1. Taking the stretch 147-200 only, how many residues are within 29 Å of GLY127 (Cβ to Cβ), open to solvent by 30 Å² or more (accessible area, probe 1.4 Å) and assigned to a helix (DSSP H, G or I)?
2. Out of curiosity, is GLY100 at pLDDT 95 or above, in contact with an Asp or Glu (Cβ under 9 Å, 6 or more places away or on another chain) and either part of a loop (DSSP other than H, G, I, E, B) or small (Gly, Ala, Ser) (or both)?
3. Criterion first (open to solvent by 60 Å² or more (accessible area, probe 1.4 Å) and part of a helix (DSSP H, G or I)) does GLN242 satisfy it?
4. Considering only residues of the stretch 93-119 that are without any contact (Cβ under 8 Å) to a residue 60 or more places away in the chain and of a type in the set (A, V, I, L, M), which is surrounded by the most Cβ atoms within 10 Å (Cβ to Cβ)?
5. Any idea which residue in the stretch 245-266 is surrounded by the most Cβ atoms within 10 Å (Cβ to Cβ), counting only those that are of a type outside the set (S, T, N, Q) and touching an Asp or Glu at 6+ places or on another chain (Cβ under 7 Å)?
6. Is it the case that SER125 is among the hydroxyl-bearing types (Ser, Thr, Tyr) and at pLDDT 95 or above?
7. Of the residues that make up the stretch 92-101, is at least one closer than 19 Å to PRO247 by Cβ, of a type outside the set (Gly, Ala, Ser) and more than 11 Å from the chain's Cα centre (by Cα)?
8. Quick check: anything in the stretch 44-62 open to solvent by less than 50 Å² (accessible area, probe 1.4 Å), in a loop (DSSP other than H, G, I, E, B) and more than 21 Å from ARG188 (Cβ to Cβ)?
Amino acid sequence: MRLPTLRNVARAAAAWIAPALAVLLSGCATGPVPIDRSIHAVAQDSRVRYVVLHYTALPDAESLRVLSTQDVSAHYLITDDKPPHVYQLVPETRRAWHAGDSSWYGEIALNDSSVGIEIVNLGNSTGDWQPFTRGQIRTLIALLRDIVRRNGIEPQNIVGHSDIAPQRKVDPGPLFPWRLLAQHGLGRWYDEAAEAATLAQLQAGPLPGVAWFQQQLQRLGYDCPQDGLLTPATQRVIAAFQMHYRPSNYDGMPDAQTAAIMMTMK
């Protein structure tokens, strides 16, 4: 009697295993796994925590082309047509590439957790700041209300690109109507009556030091150096704050009115 060699045994096993494995795998590929979505956990919330507002610095057609075909995008684009047209370029469930290197209240990489809205506006590319149209702002307010309601976004987390990236960005610029948005319940503002009283007190005494301004900026969400020095980096953060809350003068210098506004903000 001739015994089978090891090679022959291996060949016979392979001849049997291959068809059996094919049958098994074919059973796994019959369709998607059935998922029961009838029960929803109460321990959940939206992944979206921030809204970041931008201007495009480009006309309508070029804004749409760049935001839809280049290595930059936004969830929404508001044109300067009459009336404005709103494009949704990226679903809110997906990450758009609009914030870049960014920080707010210590959270970085805000593309991961924000909705980006671009507004067609040339900024100061022509030498003078271009105002936003009434139609654009009315459209933005309606869009923001819906986004904020659906995602439970806190007022302080409706920000400009300059707020989250003050070292390299200035949009949406000093003509953006932050105060008007806050009057519609969209965004953070300060107590103007308290600010006036606080300003009077500050003008009668010494101004807080640079370290105090840096600490306040950090408290209010800004990524600011904490070295007590009035460096260009710190001045750019002060300027971003002023552009948002005191756009009549955003020279980046710590002054009594800037301090008074900070003191009356939560």
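The values are calculated or read from the model by the stated rules, or taken from the named source; none is laboratory data. Remember, it's a predicted structure, so these values are computed and weren't measured experimentally. Cβ sites come from the backbone with ideal geometry, for glycine too, and all protein chains shown count toward neighbours. These accessible areas exclude ligands, DNA and RNA; they are computed on the full protein's heavy atoms, side chains included. Shrake-Rupley method; radii C 1.70, N 1.55, O 1.52, S 1.80 Å.
1. So the answer is 2.
2. For GLY100, the condition - at pLDDT 95 or above, in contact with an Asp or Glu (Cβ under 9 Å, 6 or more places away or on another chain) and either part of a loop (DSSP other than H, G, I, E, B) or small (Gly, Ala, Ser) (or both) - is not met.
3. Criteria not met by GLN242.
4. ALA96
5. Pass one, the stretch 245-266, residues of a type outside the set (S, T, N, Q): 245-247, 250-256, 259-263, 265-266.
Subsequent filtering for residues that are touching an Asp or Glu at 6+ places or on another chain (Cβ under 7 Å) retains 260-261.
On the way: ALA260: 22, ILE261: 24.
Of everything passing the filter in the stretch 245-266, ILE261 is surrounded by the most Cβ atoms within 10 Å (Cβ to Cβ).
6. Values: among the hydroxyl-bearing types (Ser, Thr, Tyr): yes; at pLDDT 95 or above: no.
Taking the combined requirement at face value, the residue does not satisfy it.
7. Step one: filter the stretch 92-101 for residues closer than 19 Å to PRO247 by Cβ, giving none.
No, the conditions are met nowhere in the stretch 92-101.
8. Taking the stretch 44-62 first, the residues open to solvent by less than 50 Å² (accessible area, probe 1.4 Å) are 46, 48, 50-57, 60.
From the residues that got through so far, the ones that are in a loop (DSSP other than H, G, I, E, B) too are 46, 48, 56-57.
Applying the additional criterion that residues be more than 21 Å from ARG188 (Cβ to Cβ) yields 56-57.
For the stretch 44-62, residues open to solvent by less than 50 Å² (accessible area, probe 1.4 Å), in a loop (DSSP other than H, G, I, E, B) and more than 21 Å from ARG188 (Cβ to Cβ): present.
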